[in-house]
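Engineer: Take this structure, written in structure tokens, and hold onto it; I'll ask about it next.
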Amino acid sequence: MKVTYSLRYRGLILLLTFLCYTSYHLSRKPISIVKSQLHYNCSLRGANPHNDSNSTTWCDWKPFDQDNYKELFGALDNAFLVAYAIGMYISGIFGERLPLRYYLSGGMLLSGLFTALFGLGYYWQIHYLWYFVIIQVCNGLVQTTGWPSVVTCVGNWFGKGKRGLIMGIWNSHTSVGNILGSLIAGAFVSQAWGLSFIVPGIIIATMGVVCFLFLIEYPDDVECSPPLHHASSEEKGLEAENSIGDGSLNASNHSRENIMVAVESTKESTEGPEAISFFGALRIPGVIEFSFCLLFAKLVSYTFLYWLPLYIVNVAHFSAKKAGDMSTLFDVGGIIGGILAGLISDYTGGRATTCCVMLILAAPMLFLYNYIGQNGLATSIVMLIICGGLVNGPYALITTAVSADLGTHECLQGNAKALSTVTAIIDGTGSVGAALGPLLAGLISQSGWDNVFYMLITADVLACLLLSRMVYKEIRGWCGCYARKRGPLHHLLLAILTTEILLGSVSGMLDGVP
């Protein structure tokens, strides 16, 4: 009965945090859909109804009616993403020291306010770039409350177990939010683009109220047993014996150390351990490697997030709404890729290797999508789904299961106040790439979309190289594990063969005795 009671609460937390972060991404997506409406080829709409001029910019929204509109869009993206990247490093520190329920719900209410203010610029007839930039900066800062909070809350309720699979499914909130954001923004973009922001703003603010009313931070708060994060002492002892039997500290054991969970996620009293420092979190094995890998992986993912609809409009010549709908297929692939990455990494125990393989496969797929992706509707659909899975799979795995593993690492010695800081460091570093990607895309696209894709492929390769040391350790661990498994039988056969040789030699000597 108590198990069923606990499972219900775990299901509630998983669903509630899923919906909360879905609303975060839902509110970020409209800008990518509205871009094609802010700067539109007005000649397709006929002559200017206000005068007899043949201007192709009469229907554009100032100041985005100039030839440098791509740079202005890049500035808007960068304003949000730079603020998000900087704020993320600070957000994790606050998240460890403030009640998550208040912190998360407050951030969602403010996110709703700033998202709606961007859309109100349409009704207030605001044509100043500084207004939209300030709104983007403020929204980027308050949106940093989301990720550290939801990952910490899920980490408090779920042990290692099938963490990769559970978090792979759970992390589909990113793609679901992008899909819903595209559909909602696309429904209003042609008539009144302001509603493309106001409606998502209302949704995330409403979810903030729901979060405040129903979020439960710790299992102890409702008398549920905390999850088991530690390996049992017997299992640790057996691993130690196997390592000693090999004559050295086993590489597999050392590899698994980078993703071991060793913290009881129970509510900390005032007498508990202090929250971990920023530099203390950096010393956790694997944090730096995965952080910089995420920088390049997120660069690719966010370039697609912000520029894919405009790319489809320019290359395939679709309408803004149809391009927005098509772009959701990339996020459908992201859902599949995230689940597969979590499942494979749980089965193999190789988080870094799983990420590396998917990144290697993503590079040629990006190249093919750019060259043959627009050859037909069916081809475009298939390529978008494949690229979405391979690009977002590693991104999803690092920001969820890997972050939770490292945030509850064995070397923390039971300090439960590290998960939010570690998550913020990893995602904050990744957000630097998220800021760079759309900015570079805006600048490079002036010389052609081919160069944008070359930039994305280069980023994928660099992300893969940054994980090479972790992959090497995981492969050594697998080899060591295989050697241990075959060791007893191998040694027995060797002993039998040696005994037979010795007996044969002794028998020959005895035969030679007169």
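The values are calculated or read from the model by the stated rules, or taken from the named source; none is laboratory data. As the structure is a computational prediction, the values presented were derived from the model and not from experiment. We place every Cβ from the backbone using ideal geometry, glycine too, and count neighbours over all the protein chains shown. SASA here: full protein model, heavy atoms, side chains in, ligands and nucleic acids out. Shrake-Rupley method; radii C 1.70, N 1.55, O 1.52, S 1.80 Å.
Engineer: Take Val287 and decide whether it is over 21 Å from Lys29 (Cα atoms) and open to solvent by less than 10 Å² (accessible area, probe 1.4 Å).
Structural biologist: Values: over 21 Å from Lys29 (Cα atoms): yes; open to solvent by less than 10 Å² (accessible area, probe 1.4 Å): yes.
So Val287 fits the description; yes.
Engineer: Of the conditions (1) farther than 30 Å from Pro394 by Cβ; (2) under 21 Å from the mean Cα position of the chain (by Cα), Tyr128 fails just one. Which one is it?
Structural biologist: Answer for Tyr128: the failing condition is (2).
Engineer: Okay, moving on. Would you confirm, using the coordinates I've provided, whether Tyr89 is under 22 Å from Lys298 (Cβ atoms), part of a helix (DSSP H, G or I) and out of contact with any Phe, Trp or Tyr (no Cβ under 6 Å at 6 or more places or on another chain)?
Structural biologist: Considered against the rule, which asks whether it is under 22 Å from Lys298 (Cβ atoms), part of a helix (DSSP H, G or I) and out of contact with any Phe, Trp or Tyr (no Cβ under 6 Å at 6 or more places or on another chain), Tyr89 comes out as yes.
Engineer: Given (1) at pLDDT 85 or above; (2) within 16 Å of the chain's Cα centre (by Cα), identify the lone condition not met by Val357.
Structural biologist: Val357 satisfies all of (1) at pLDDT 85 or above; (2) within 16 Å of the chain's Cα centre (by Cα) except (2).
Engineer: Moving on to the next point. In this structure, does Val315 turn out to be within 24 Å of Leu165 (Cβ to Cβ), open to solvent by 20 Å² or more (accessible area, probe 1.4 Å) and not basic (Lys, Arg)? Step through it out loud before you land on a result.
Structural biologist: On the way: within 24 Å of Leu165 (Cβ to Cβ): no; open to solvent by 20 Å² or more (accessible area, probe 1.4 Å): yes; not basic (Lys, Arg): yes.
No.
Engineer: Still on this structure, please answer the following. Looking for something at pLDDT 85 or above and open to solvent by 20 Å² or more (accessible area, probe 1.4 Å) - is there at least one such residue anywhere in segment 428-436?
Structural biologist: Yes, segment 428-436 contains at least one residue that is at pLDDT 85 or above and open to solvent by 20 Å² or more (accessible area, probe 1.4 Å).
Engineer: Right, something else. Being outside any helix (DSSP H, G or I) and among the hydrophobic types (A, V, I, L, M, F, W, C) is the filter; apply it to segment 102-160 and report the residue that is surrounded by the fewest Cβ atoms within 10 Å (Cβ to Cβ). Steps first, answer last, please.
Structural biologist: Taking segment 102-160 and keeping what is outside any helix (DSSP H, G or I), we get 124-128, 158-160.
In the following step, the residues that additionally are among the hydrophobic types (A, V, I, L, M, F, W, C) were identified as 124, 126, 158.
On the way: Trp124: 11, Ile126: 17, Phe158: 21.
Checked segment 102-160; the qualifying residue surrounded by the fewest Cβ atoms within 10 Å (Cβ to Cβ) is Trp124.
Engineer: Any residue that is closer than 20 Å to Ile179 by Cβ and in a helix (DSSP H, G or I) - is there at least one of those in segment 341-357?
Structural biologist: Scanning segment 341-357, I find at least one residue that is closer than 20 Å to Ile179 by Cβ and in a helix (DSSP H, G or I), so the answer is yes.
Engineer: Further, regarding this structure: State whether the residues of segment 37-55 include one that is part of a helix (DSSP H, G or I), open to solvent by 10 Å² or more (accessible area, probe 1.4 Å), at pLDDT 75 or above and within 30 Å of Gly140 (Cα to Cα). Reasoning before the result, please.
Structural biologist: Start the filter on segment 37-55 by keeping residues that are part of a helix (DSSP H, G or I), which leaves 37-38, 42-45.
Filter once more, so that each one left must be open to solvent by 10 Å² or more (accessible area, probe 1.4 Å): 37, 43-45.
Next cut, at pLDDT 75 or above only: 37.
Now restrict to residues that are within 30 Å of Gly140 (Cα to Cα): 37.
Yes, the conditions are met somewhere in segment 37-55.
Engineer: Also: Mind listing whichever residues of segment 350-387 are of a type in the set (Gly, Ala, Ser) and either open to solvent by 20 Å² or more (accessible area, probe 1.4 Å) or touching a Ser or Thr at 6+ places or on another chain (Cβ under 7 Å) (or both)?
Structural biologist: Taking segment 350-387 as the starting set, the residues that turn out to be of a type in the set (Gly, Ala, Ser) are 350, 352, 362-363, 373, 376, 378, 380.
Across segment 350-387, the qualifying residues are Gly373, Gly376, Ala378.
Engineer: If you don't mind, another one. Name the residue, out of Glu410, Glu500, that is closer than 30 Å to Thr145 by Cα, modelled with pLDDT under 75 and of a type in the set (Asp, Glu). Spell out how you get there, then give the answer.
Structural biologist: Values: Glu500 fails: closer than 30 Å to Thr145 by Cα.
The conditions single out Glu410.
Engineer: Same structure again: Scanning segment 175-213 for residues that are out of contact with any helix residue (DSSP H, G or I) (no Cβ under 6 Å at 6 or more places or on another chain) and within 19 Å of Gly112 (Cβ to Cβ), which turns out least open to solvent (accessible area, probe 1.4 Å)?
Structural biologist: Ala192
Engineer: Got a sec? Which helices (runs of 4 or more DSSP H) wholly within segment 210-321 have at least 3 residues that are over 30 Å from Gln374 (Cβ atoms) and at pLDDT 50 or above?
Structural biologist: On the way: elements: 233-245, 251-257, 278-282, 287-316.
Passing ranges, in order: 278-282, 287-316.
Engineer: If you don't mind, there's one more thing I want to ask. Take the residues of segment 5-36 that are of a type in the set (A, V, I, L, M) and crowded, with 24+ Cβ neighbours inside 10 Å: which is farthest from Pro438 (Cα to Cα)? Break it down stepwise before answering.
Structural biologist: Residues of segment 5-36 of a type in the set (A, V, I, L, M): 7, 12-16, 19, 26, 31, 33-34.
Checking the rest, the ones that are also crowded, with 24+ Cβ neighbours inside 10 Å come to 26, 31, 33-34.
Values: Leu26: 18, Ile31: 12, Ile33: 14, Val34: 15 Å.
Residue satisfying both the conditions and the ranking: Leu26.
Engineer: Taking segment 361-376, which residues are part of a helix (DSSP H, G or I) and among the small types (Gly, Ala, Ser)? Break it down stepwise before answering.
Structural biologist: Start the filter on segment 361-376 by keeping residues that are part of a helix (DSSP H, G or I), which leaves 361-372.
Ala362, Ala363 - these are the residues of segment 361-376 that are part of a helix (DSSP H, G or I) and among the small types (Gly, Ala, Ser).
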